[in-house]
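All remarks here apply to the structure that follows.
The values are calculated or read from the model by the stated rules, or taken from the named source; none is laboratory data. Bear in mind that the values here come from a model prediction, so they are computed numbers and not experimental data. Note that each Cβ is placed from the backbone with ideal geometry, even for glycine, and that neighbours are counted across all protein chains shown.
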Amino acid sequence: MTFRFRALASCAAALLFALPAVTAHADGDDTALTNLVALVSQRLALAEPVAHWKWLNHKPITDTPRENALLADVQKRATTAGVDPVFAREFFRDQIDASTQMQQALFANWRNSQPPANPAPDLASVTRPQLDRLTGQLIGALARVQTTRAADDCPARVARAVANWKELTRYDSTRADAMTRALGHVCEAGGVGGMA
């Protein structure tokens, strides 16, 4: 019986990660925040293949012209989607900064130990299209959390959404600082309550 339960649990976990990005369901009225956290987590996961490609191709982590173009595009798309463009720009600046933080940590680790030897996914044809898809999904998610931003308990609710996401997936604790940074401007008051 235990073996069968473990097999079913393994199948369920495999399905969770094999399916395309879908809406995560959380208890209460913070499902939109949990969905936003899920998308942010997916975007943070792409920092590793981006860093891997940059490392192997001897490219700098920061690409200011590309970042500025992304932020300008995000503001236009946010306006079209009914999202405050200033909020969208701040939020995506946080995404860039969180990804940069993770990439810097990976570069430091690779300099001090074993650098990656296997080939990296191509940045232009594989990883950037994934980032572009997530950009659209994140703008939609921002539209759904706009009404929560001004609430006094917004930072605590974002922290609860992170806790919900941790329960729904195999959360990588090495991304905790980057996650906090990526969610830093979701609430008008700033910060993520209850997260170090």
Among the listed residues Thr80, Thr100, Thr64, identify the single one that is of a type outside the set (A, V, I, L, M), at pLDDT 95 or above and within 24 Å of Arg144 (Cα to Cα). Thr80
Filtered residues of segment 32-70 (kept if outside any helix (DSSP H, G or I) and surrounded by fewer than 17 Cβ atoms within 10 Å (Cβ to Cβ)): Asn57, His58, Lys59, Pro60, Thr62, Asp63
Run down Thr169, Thr148 and say which single residue is hydroxyl-bearing (Ser, Thr, Tyr), touching a residue at least 40 places away in the same chain (Cβ under 8 Å) and farther than 30 Å from Leu56 by Cβ. Thr148
Going residue by residue through segment 101-120, is there one that turns out to be among the basic types (Lys, Arg) and touching a helix residue (DSSP H, G or I) at 6+ places or on another chain (Cβ under 8 Å)? no
From the option list Arg128, Arg144, Arg160, Arg149, single residue qualifying as touching a helix residue (DSSP H, G or I) at 6+ places or on another chain (Cβ under 6 Å) and either closer than 30 Å to Thr79 by Cβ or basic (Lys, Arg) (or both) is Arg144
When you go through Thr100, Thr148 one by one, which is the residue that is more than 19 Å from Gln42 (Cα to Cα) and buried (at least 16 other Cβ atoms within 10 Å of the Cβ)? Thr148
Search segment 74-92 for residues being touching a residue at least 40 places away in the same chain (Cβ under 8 Å) and among the charged types (D, E, K, R), and hand back the single one that is farthest from Gly191 (Cα to Cα). Arg77
Checking Asp73 against (1) within 16 Å of Ala124 (Cα to Cα); (2) in a helix (DSSP H, G or I), only one condition comes out false. Which one? (1)
What's the number of the only condition in (1) closer than 16 Å to Leu36 by Cα; (2) in contact with a helix residue (DSSP H, G or I) (Cβ under 8 Å, 6 or more places away or on another chain) that Leu70 fails to meet? (1)
Please go through (1) of a type in the set (Ser, Thr, Tyr); (2) in contact with a Pro (Cβ under 6 Å, 6 or more places away or on another chain); (3) more than 22 Å from Phe91 (Cβ to Cβ) for Ser113 and return the number of the only condition it doesn't satisfy. (2)
Does segment 9-31 include one or more residues that are small (Gly, Ala, Ser), surrounded by 11 or more Cβ atoms within 10 Å (Cβ to Cβ) and at pLDDT 95 or above? no
Could you check Gly136 against (1) loosely packed, with under 13 Cβ neighbours inside 10 Å; (2) over 15 Å from Ala38 (Cα atoms); (3) modelled with pLDDT of 95 or more; (4) not hydroxyl-bearing (Ser, Thr, Tyr) and say which number it fails? (2)
For segment 112-125, check the following and say yes or no: at least one residue is at pLDDT 90 or above, aliphatic (A, V, I, L, M) and assigned to a loop (DSSP other than H, G, I, E, B). yes
